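Novice: Mind having a look at this structure? Questions to follow.
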Amino acid sequence: MKKDKRILEVFKKNKGYAQAKEVLEAGFHHSILNMLVQEGEILKVKRGLYRLSSLEMEDELEGVVKIIPEGIVCLFSAWNYHALTDFVSSEYHVAIEKSRKIVLPDYPPIKLYFWTQKYWEIGIEEVLIGNTTVRIYNQEKSVCDALRFRNKIGQDTTKEVLKNYLKKQQRDVDKLLQYARLLRVGELMKMYLNILL
């Protein structure tokens, strides 16, 4: 149906996403959205937000930012981005400031971490993924987070993140130690560095 193809243009203009109100404003009835969901052309992300089912994983990270604009990509998702681990999580890991309230959609799968502001605001950098600016923790903060969550993620993952960081030419050990002190894992970080260096 030609009308189906025209509705997909609304999604393409918005990098694969569209709000129901945008679709209605473009002259399409809500029933067409429902039909495209049933046919698998689009997925319902949350109430009023839809995405093309053909989006790539990198594009999905752009979508996560749209769902949680105040969030910061962390832990497994940040480790993957910085090539600190080979493990690919089935969820996107996002940190938000503790006082925020977020309602998550069914898709994409997102794991939220509620951190106090003093831990949440350390080490944020902005990277461009596709055409979207994504806030993510830099590699030094990400390594410190591996130490902070070592009991939850396991020693193997913690060591992998640290070893891969130490192999990098672009690293800042002084900044790593500064963040470690601020995050209350300073002595532990020194111990790990003494073993691994």
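The values are calculated or read from the model by the stated rules, or taken from the named source; none is laboratory data. Treat the numbers as computed from the prediction; the structure is a model and nothing was measured. Because the Cβ atoms are built from the backbone with ideal geometry, glycine has one as well, and the counts that use them run over all protein chains shown. With ligands, DNA and RNA removed, areas are computed over all heavy atoms of the protein, side chains included. Shrake-Rupley method; radii C 1.70, N 1.55, O 1.52, S 1.80 Å.
Novice: Kindly flag which residue pairs out of 44/66; 13/101; 111/168 have an alpha-carbon separation exceeding 18 Å in this structure.
Specialist: 13/101; 111/168
Novice: Shifting gears a bit: Over the Cα atoms of segment 1-144, each weighted equally, I'd like the Debye log10 I(q)/I(0) at q = 0.09, 0.19 Å⁻¹, rounded to two decimals.
Specialist: Treating every Cα as an identical point scatterer, log10 I(q)/I(0) equals -0.32, -1.08.
Novice: Relative contact order, percent, of the chain when contacts are C-alpha pairs under 8 Å separated by at least 6 residues?
Specialist: Computed value for the chain: 15 percent relative contact order.
Novice: Roll a 1.4 Å probe over the protein heavy atoms and report the accessible area of residue 5 in Å², nearest 10.
Specialist: Surface accessible to solvent at residue 5 totals approximately 120 Å².
Novice: Report residue 119's accessible area, 1.4 Å probe, all protein chains in place, as a number in Å² to the nearest 10.
Specialist: 40
Novice: Quickly estimate the mean residue ellipticity at 222 nm for the chain, helices only: each DSSP H run with n ≥ 4 gives -39500 (n - 2.57), and the total goes over all residues, rounded to 500.
Specialist: Result for the chain, helices only: -14000 deg cm²/dmol.
Novice: Any idea what the alpha-carbon Rg over 2.2 N^0.38 Å comes to for segment 102-197?
Specialist: Dividing the Cα radius of gyration by 2.2 N^0.38 Å gives 1.17.
Novice: Another one. In nm, what is the difference between 0.36 nm times the number of residues separating residue 193 and residue 118 and their Cα-Cα distance?
Specialist: 24.6 nm is the gain from fully extending residue 193 to residue 118.
Novice: Can you put 195, 102 in order of accessible area, largest first, using a 1.4 Å probe?
Specialist: Descending accessible area places them as 195, 102.
Novice: Next question, about the same structure. Helix 139-148 against the longest principal axis of the chain: what's the angle in degrees, Cα atoms only, rounded to the nearest 10?
Specialist: In the chain, helix 139-148 runs at an angle near 70 degrees to the longest axis.
Novice: In segment 115-155, which residues have a backbone nitrogen under 19 Å from the label point lying 7 Å from residue 171's Cα in the Cα-to-Cβ direction?
Specialist: 123, 137-150, 155
Novice: Run the 1.4 Å probe and let me know the accessible area of residue 190, rounded to the nearest 10 Å².
Specialist: 90
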